[in-house]
Amino acid sequence: MVIFSEPKGLRDYLLAQRKEGKRIGFVPTMGALHNGHLSLVGKAKSSCDIAVVSIFVNPTQFNDSSDLEKYPRHVEADCDLLKSVDCDVVFLPKVEHIYPEGTKDTRTYDYGLLTSVMEAESRQGHFDGVITVVRKFLQMVAPDAAFFGQKDFQQLAIIRHMVRSEGIPTTIVSCEIIREKDGLAMSSRNERLSDEGRRISKLLSKCLFKVDELRLTKSIEEVQKWIEDQFDSEPLAKLEYFCVSDAQTLEPCSSWRDAFEMVCCIAVFVGEVRLIDNQIIKA
Ligand code: AMP
(Lines give C-alpha, C1' and ligand atoms only; values in the text may rest on other atoms or scores of the structure.)
Protein backbone atom coordinates (compact mmCIF):
# COMPACT_ATOMS: atom_id res chain seq x y z
CA MET A 1 0.00 0.00 0.00
CA VAL A 2 1.44 3.39 -0.97
CA ILE A 3 0.61 6.61 0.85
CA PHE A 4 0.68 10.11 -0.66
CA SER A 5 0.00 13.47 0.85
CA GLU A 6 1.04 15.64 -2.11
CA PRO A 7 -1.42 15.69 -5.03
CA LYS A 8 1.50 15.69 -7.51
CA GLY A 9 2.94 12.43 -6.19
CA LEU A 10 -0.48 10.81 -6.37
CA ARG A 11 -1.12 12.12 -9.88
CA ASP A 12 2.20 10.83 -11.24
CA TYR A 13 1.71 7.42 -9.64
CA LEU A 14 -1.82 7.04 -11.03
CA LEU A 15 -0.75 8.24 -14.48
CA ALA A 16 1.78 5.41 -14.63
CA GLN A 17 -0.89 2.90 -13.51
CA ARG A 18 -3.32 4.17 -16.10
CA LYS A 19 -0.67 3.81 -18.82
CA GLU A 20 -0.51 0.12 -17.93
CA GLY A 21 -4.25 -0.06 -18.59
CA LYS A 22 -5.28 -0.31 -14.93
CA ARG A 23 -8.77 0.76 -13.90
CA ILE A 24 -8.85 3.09 -10.92
CA GLY A 25 -11.54 2.96 -8.22
CA PHE A 26 -11.80 5.82 -5.73
CA VAL A 27 -13.34 5.97 -2.24
CA PRO A 28 -13.37 9.44 -0.63
CA THR A 29 -13.67 9.40 3.17
CA MET A 30 -13.16 11.61 6.20
CA GLY A 31 -11.44 8.81 8.11
CA ALA A 32 -12.26 7.19 11.47
CA LEU A 33 -12.90 4.19 9.27
CA HIS A 34 -15.38 1.42 10.01
CA ASN A 35 -16.83 -1.53 8.13
CA GLY A 36 -19.11 0.77 6.11
CA HIS A 37 -16.05 2.44 4.59
CA LEU A 38 -14.29 -0.89 4.16
CA SER A 39 -17.25 -2.28 2.22
CA LEU A 40 -16.76 0.57 -0.28
CA VAL A 41 -13.09 -0.35 -0.58
CA GLY A 42 -14.13 -3.98 -1.18
CA LYS A 43 -16.42 -2.87 -4.02
CA ALA A 44 -13.66 -0.75 -5.52
CA LYS A 45 -11.24 -3.69 -5.33
CA SER A 46 -13.68 -6.08 -6.96
CA SER A 47 -14.54 -3.87 -9.95
CA CYS A 48 -11.24 -2.01 -10.49
CA ASP A 49 -7.51 -2.85 -10.51
CA ILE A 50 -6.41 -0.16 -8.07
CA ALA A 51 -8.36 1.07 -5.03
CA VAL A 52 -7.52 4.63 -3.96
CA VAL A 53 -8.88 5.87 -0.61
CA SER A 54 -8.64 9.49 0.48
CA ILE A 55 -8.81 10.51 4.13
CA PHE A 56 -9.54 14.20 4.48
CA VAL A 57 -11.72 15.94 7.06
CA ASN A 58 -13.06 18.61 4.74
CA PRO A 59 -13.42 21.89 6.67
CA THR A 60 -15.71 23.56 4.13
CA GLN A 61 -18.55 21.07 4.62
CA PHE A 62 -18.87 21.72 8.37
CA ASN A 63 -21.32 24.46 9.24
CA ASP A 64 -20.57 23.95 12.93
CA SER A 65 -16.96 24.58 14.01
CA SER A 66 -17.27 22.44 17.15
CA ASP A 67 -18.48 19.50 14.99
CA LEU A 68 -15.34 19.94 12.84
CA GLU A 69 -13.12 20.14 15.90
CA LYS A 70 -14.67 17.07 17.51
CA TYR A 71 -14.72 14.99 14.34
CA PRO A 72 -12.81 11.77 15.21
CA ARG A 73 -9.33 11.47 13.69
CA HIS A 74 -7.09 8.39 13.89
CA VAL A 75 -5.12 8.15 10.70
CA GLU A 76 -2.66 5.46 11.83
CA ALA A 77 -5.39 3.02 12.80
CA ASP A 78 -7.17 3.88 9.54
CA CYS A 79 -4.06 3.01 7.50
CA ASP A 80 -3.76 -0.33 9.33
CA LEU A 81 -7.37 -1.12 8.50
CA LEU A 82 -6.88 -0.15 4.87
CA LYS A 83 -3.82 -2.36 4.64
CA SER A 84 -5.81 -5.27 6.06
CA VAL A 85 -8.30 -5.03 3.16
CA ASP A 86 -5.55 -4.74 0.50
CA CYS A 87 -6.16 -1.11 -0.32
CA ASP A 88 -3.57 -0.02 -2.93
CA VAL A 89 -3.26 3.73 -2.43
CA VAL A 90 -4.06 6.11 0.45
CA PHE A 91 -4.24 9.83 -0.17
CA LEU A 92 -3.80 11.94 2.98
CA PRO A 93 -3.71 15.55 1.80
CA LYS A 94 -3.35 18.56 4.07
CA VAL A 95 -5.88 21.39 3.96
CA GLU A 96 -3.45 23.60 2.00
CA HIS A 97 -3.07 20.92 -0.71
CA ILE A 98 -6.79 20.91 -1.35
CA TYR A 99 -7.43 24.60 -0.73
CA PRO A 100 -4.28 26.45 -1.90
CA GLU A 101 -6.32 29.66 -2.06
CA GLY A 102 -7.75 29.14 1.44
CA THR A 103 -10.96 27.55 2.62
CA LYS A 104 -13.10 30.60 1.88
CA ASP A 105 -12.58 29.71 -1.77
CA THR A 106 -15.88 27.83 -2.25
CA ARG A 107 -18.58 28.32 -4.83
CA THR A 108 -22.25 27.85 -4.12
CA TYR A 109 -24.22 25.27 -6.08
CA ASP A 110 -27.91 25.27 -6.86
CA TYR A 111 -29.23 21.89 -8.00
CA GLY A 112 -32.85 22.79 -7.19
CA LEU A 113 -34.51 20.51 -4.65
CA LEU A 114 -31.41 18.34 -4.33
CA THR A 115 -29.52 21.20 -2.71
CA SER A 116 -32.40 22.81 -0.86
CA VAL A 117 -34.25 20.11 1.15
CA MET A 118 -33.41 17.97 4.19
CA GLU A 119 -29.66 18.13 4.97
CA ALA A 120 -29.31 21.34 2.94
CA GLU A 121 -31.92 23.05 5.12
CA SER A 122 -30.41 21.79 8.35
CA ARG A 123 -26.75 22.34 7.45
CA GLN A 124 -26.34 25.63 5.55
CA GLY A 125 -23.45 25.48 3.06
CA HIS A 126 -22.77 21.79 3.76
CA PHE A 127 -23.28 20.62 0.18
CA ASP A 128 -21.30 23.53 -1.29
CA GLY A 129 -18.35 22.16 0.67
CA VAL A 130 -19.08 18.56 -0.33
CA ILE A 131 -19.41 19.37 -4.04
CA THR A 132 -16.29 21.55 -3.96
CA VAL A 133 -14.12 18.87 -2.39
CA VAL A 134 -15.47 15.94 -4.42
CA ARG A 135 -14.92 17.89 -7.69
CA LYS A 136 -11.33 18.60 -6.64
CA PHE A 137 -10.72 14.95 -5.74
CA LEU A 138 -12.27 13.68 -8.97
CA GLN A 139 -9.94 16.01 -10.90
CA MET A 140 -6.87 14.87 -8.94
CA VAL A 141 -7.60 11.14 -8.98
CA ALA A 142 -9.49 10.96 -12.32
CA PRO A 143 -10.96 7.59 -11.33
CA ASP A 144 -12.90 5.27 -13.64
CA ALA A 145 -15.38 4.71 -10.80
CA ALA A 146 -16.02 6.38 -7.45
CA PHE A 147 -17.84 4.61 -4.61
CA PHE A 148 -20.28 6.33 -2.27
CA GLY A 149 -22.51 4.98 0.51
CA GLN A 150 -26.28 5.10 0.30
CA LYS A 151 -26.01 6.08 3.97
CA ASP A 152 -25.59 9.68 2.74
CA PHE A 153 -28.46 9.40 0.28
CA GLN A 154 -28.79 13.09 -0.57
CA GLN A 155 -25.02 13.44 -1.01
CA LEU A 156 -25.06 10.55 -3.46
CA ALA A 157 -27.91 12.11 -5.47
CA ILE A 158 -26.02 15.42 -5.57
CA ILE A 159 -22.72 13.83 -6.67
CA ARG A 160 -24.54 11.94 -9.44
CA HIS A 161 -26.08 15.22 -10.58
CA MET A 162 -22.74 17.05 -10.46
CA VAL A 163 -20.91 14.37 -12.47
CA ARG A 164 -23.69 14.25 -15.07
CA SER A 165 -24.04 18.02 -15.41
CA GLU A 166 -20.29 18.64 -15.69
CA GLY A 167 -19.62 15.66 -17.98
CA ILE A 168 -17.08 14.12 -15.58
CA PRO A 169 -16.15 10.69 -16.99
CA THR A 170 -16.39 8.78 -13.68
CA THR A 171 -19.03 6.15 -12.93
CA ILE A 172 -20.67 6.79 -9.57
CA VAL A 173 -21.40 3.55 -7.72
CA SER A 174 -23.92 3.44 -4.87
CA CYS A 175 -23.10 1.03 -2.02
CA GLU A 176 -25.56 -0.39 0.51
CA ILE A 177 -25.69 0.82 4.13
CA ILE A 178 -23.65 -1.31 6.52
CA ARG A 179 -25.22 -1.58 9.98
CA GLU A 180 -24.34 -2.71 13.47
CA LYS A 181 -26.09 -5.89 14.71
CA ASP A 182 -28.86 -3.82 16.32
CA GLY A 183 -29.54 -1.91 13.08
CA LEU A 184 -27.66 1.34 13.79
CA ALA A 185 -26.05 2.54 10.56
CA MET A 186 -22.28 2.58 11.01
CA SER A 187 -20.88 6.09 11.22
CA SER A 188 -17.66 7.69 12.39
CA ARG A 189 -19.83 9.84 14.65
CA ASN A 190 -21.16 6.79 16.56
CA GLU A 191 -17.97 6.68 18.63
CA ARG A 192 -18.95 10.02 20.18
CA LEU A 193 -22.18 8.55 21.62
CA SER A 194 -22.46 7.99 25.37
CA ASP A 195 -23.73 4.58 26.55
CA GLU A 196 -27.20 6.05 26.92
CA GLY A 197 -26.90 7.74 23.50
CA ARG A 198 -25.83 4.47 21.93
CA ARG A 199 -28.96 2.78 23.36
CA ILE A 200 -31.25 5.50 22.01
CA SER A 201 -29.59 5.60 18.59
CA LYS A 202 -31.12 2.20 17.74
CA LEU A 203 -34.39 4.04 17.43
CA LEU A 204 -33.48 5.59 14.04
CA SER A 205 -33.28 2.29 12.17
CA LYS A 206 -36.07 0.76 14.26
CA CYS A 207 -38.40 3.52 13.05
CA LEU A 208 -37.21 3.26 9.43
CA PHE A 209 -37.64 -0.52 9.37
CA LYS A 210 -41.18 -0.17 10.72
CA VAL A 211 -42.34 2.15 7.92
CA ASP A 212 -42.99 -0.63 5.41
CA GLU A 213 -45.47 -2.21 7.81
CA LEU A 214 -47.03 1.05 9.05
CA ARG A 215 -47.73 2.35 5.56
CA LEU A 216 -50.29 -0.43 5.03
CA THR A 217 -52.59 1.22 7.57
CA LYS A 218 -51.28 4.78 8.08
CA SER A 219 -50.84 7.84 5.87
CA ILE A 220 -47.41 9.52 5.54
CA GLU A 221 -48.58 12.21 7.95
CA GLU A 222 -49.65 9.58 10.50
CA VAL A 223 -46.34 7.75 10.18
CA GLN A 224 -44.53 11.07 10.72
CA LYS A 225 -46.56 11.61 13.88
CA TRP A 226 -45.84 8.04 15.06
CA ILE A 227 -42.12 8.63 14.63
CA GLU A 228 -42.27 12.00 16.43
CA ASP A 229 -43.96 10.19 19.35
CA GLN A 230 -41.17 7.60 19.53
CA PHE A 231 -38.57 10.33 19.96
CA ASP A 232 -40.68 12.52 22.26
CA SER A 233 -40.36 9.89 24.98
CA GLU A 234 -36.53 10.06 24.84
CA PRO A 235 -35.30 13.31 26.44
CA LEU A 236 -31.74 12.87 25.10
CA ALA A 237 -32.97 12.64 21.49
CA LYS A 238 -34.21 15.45 19.29
CA LEU A 239 -35.81 14.51 15.98
CA GLU A 240 -34.73 17.08 13.40
CA TYR A 241 -36.69 15.66 10.48
CA PHE A 242 -38.33 12.55 9.13
CA CYS A 243 -39.49 12.81 5.56
CA VAL A 244 -40.64 10.62 2.72
CA SER A 245 -39.43 11.77 -0.69
CA ASP A 246 -39.23 10.70 -4.31
CA ALA A 247 -35.93 8.80 -4.41
CA GLN A 248 -34.95 10.35 -7.76
CA THR A 249 -35.88 14.00 -7.28
CA LEU A 250 -36.14 14.26 -3.44
CA GLU A 251 -39.52 15.93 -3.93
CA PRO A 252 -41.49 15.44 -0.69
CA CYS A 253 -44.29 12.85 -1.03
CA SER A 254 -47.69 13.32 0.56
CA SER A 255 -49.05 9.89 -0.33
CA TRP A 256 -47.48 6.43 -0.59
CA ARG A 257 -48.40 6.42 -4.28
CA ASP A 258 -46.56 9.64 -5.16
CA ALA A 259 -43.48 7.88 -6.55
CA PHE A 260 -42.46 4.37 -7.57
CA GLU A 261 -39.35 4.51 -5.45
CA MET A 262 -39.37 6.57 -2.28
CA VAL A 263 -36.76 7.25 0.34
CA CYS A 264 -37.50 7.77 4.03
CA CYS A 265 -34.82 9.99 5.56
CA ILE A 266 -34.29 10.75 9.20
CA ALA A 267 -31.96 13.10 11.11
CA VAL A 268 -31.75 13.07 14.90
CA PHE A 269 -29.59 14.72 17.52
CA VAL A 270 -28.69 12.19 20.20
CA GLY A 271 -27.16 14.44 22.82
CA GLU A 272 -24.66 16.51 20.82
CA VAL A 273 -24.22 13.91 18.10
CA ARG A 274 -26.17 14.32 14.88
CA LEU A 275 -27.10 11.04 13.20
CA ILE A 276 -28.73 10.40 9.82
CA ASP A 277 -30.15 7.27 8.24
CA ASN A 278 -32.51 6.32 5.43
CA GLN A 279 -34.45 3.47 3.88
CA ILE A 280 -35.77 3.00 0.36
CA ILE A 281 -39.32 1.81 -0.11
CA LYS A 282 -41.08 0.85 -3.32
CA ALA A 283 -44.68 1.71 -4.14
P1 AMP B 1 -17.51 9.78 5.52
O2 AMP B 1 -16.16 9.33 5.97
O3 AMP B 1 -18.54 9.77 6.59
O4 AMP B 1 -17.47 11.02 4.69
O5 AMP B 1 -18.00 8.64 4.52
C6 AMP B 1 -17.25 8.26 3.39
C7 AMP B 1 -18.10 7.37 2.53
O8 AMP B 1 -18.48 6.22 3.26
C9 AMP B 1 -19.39 8.06 2.07
O10 AMP B 1 -19.65 7.71 0.72
C11 AMP B 1 -20.41 7.47 3.00
O12 AMP B 1 -21.72 7.45 2.47
C13 AMP B 1 -19.87 6.06 3.17
N14 AMP B 1 -20.40 5.45 4.38
C15 AMP B 1 -20.39 5.98 5.63
N16 AMP B 1 -21.02 5.16 6.49
C17 AMP B 1 -21.45 4.09 5.77
C18 AMP B 1 -22.18 2.90 6.09
N19 AMP B 1 -22.61 2.66 7.32
N20 AMP B 1 -22.44 2.03 5.10
C21 AMP B 1 -22.01 2.28 3.82
N22 AMP B 1 -21.33 3.38 3.46
C23 AMP B 1 -21.05 4.28 4.42
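Assorted remarks:
- Working from label points 7 Å from Cα in the Cα-to-Cβ sense, the Lys70 to Ser233 distance is 2.7 nm.
- Cα point-scatterer Debye curve for segment 188-275, base-10 log of I(q)/I(0) at q = 0.26 Å⁻¹: -1.27
- Once the C-beta distance of Thr103 and Thr217 is scaled by a Förster radius of 35 Å, the resulting FRET efficiency is 0.10 to the nearest 0.05.
- Unsatisfied cross-links (Cα-Cα over 20 Å) in the set Lys181/Lys202; Lys206/Lys238; Lys210/Lys282; Lys181/Lys210; Lys8/Lys104; Lys22/Lys136: Lys8/Lys104; Lys22/Lys136
- If the Kirkwood radius is taken over C-alpha pairs of the chain, then at 20 °C and 1.002 mPa s the Stokes-Einstein diffusion coefficient equals 108 µm²/s.
- Backbone N within segment 92-124 under 20 Å of label point (7 Å from Glu251 Cα along the Cβ vector): 110-121
- Total formal charge among the other residues, if their Cβ is under 15 angstrom from that of Lys282, Lys/Arg +1 and Asp/Glu -1: -3
- Counted residue by residue at 0.36 nm each, then reduced by the alpha carbon distance between them, the extension gain from Val2 to Asn35 reaches 9.8 nm.
- Once the Cα-Cα distance is subtracted from the 0.36 nm per residue extended length, the Ala16 to Lys202 segment shows a gain of 62.3 nm.
- Approximating the spin labels as points 7 Å out from Cα along Cα→Cβ, the Asn63-to-Ala142 distance works out to 3.6 nm.
- Solvent-accessible area of the chain (1.4 angstrom probe, protein heavy atoms only): carbon and sulfur portion equals 48 percent.
- Rounded accessible area per residue of segment 2-175, 1.4 Å, Å²: 45 Å²
- Relative contact order, percent, the chain [alpha-carbon distance under 8 Å, six or more residues apart]: 17 percent
- Fluctuation leader among His74, His97, His126 - the chain, Gaussian network, Cα springs under 10 angstrom: His74
- Electrostatic dipole magnitude of the chain [Cβ: Lys, Arg +1; Asp, Glu -1; Cα centre; debye, to 20]: 700 debye
- Those residues of segment 82-108 whose amide nitrogen sits under 20 Å from the label point placed on Glu191, 7 Å along Cα→Cβ: 82-87, 90-95
- A protection proxy built from the mean count of other Cβ atoms within 10 Å ranks the segments 169-176, 133-140, most packed first, as 133-140, 169-176.
- Subtracting the Cα-Cα distance of Glu121 and Ile281 from 0.36 nm times their residue separation leaves 55.3 nm of extension gain.
The values are calculated or read from the model by the stated rules, or taken from the named source; none is laboratory data. Predicted, not measured: the structure shown is a model, and the values here were computed from it. Cβ atoms come from the backbone with ideal geometry, glycine included; neighbour counts cover every protein chain shown. Note: accessible area is taken over every heavy atom of the protein model, side chains too, but ligands, DNA and RNA are not part of it. Shrake-Rupley method; radii C 1.70, N 1.55, O 1.52, S 1.80 Å.
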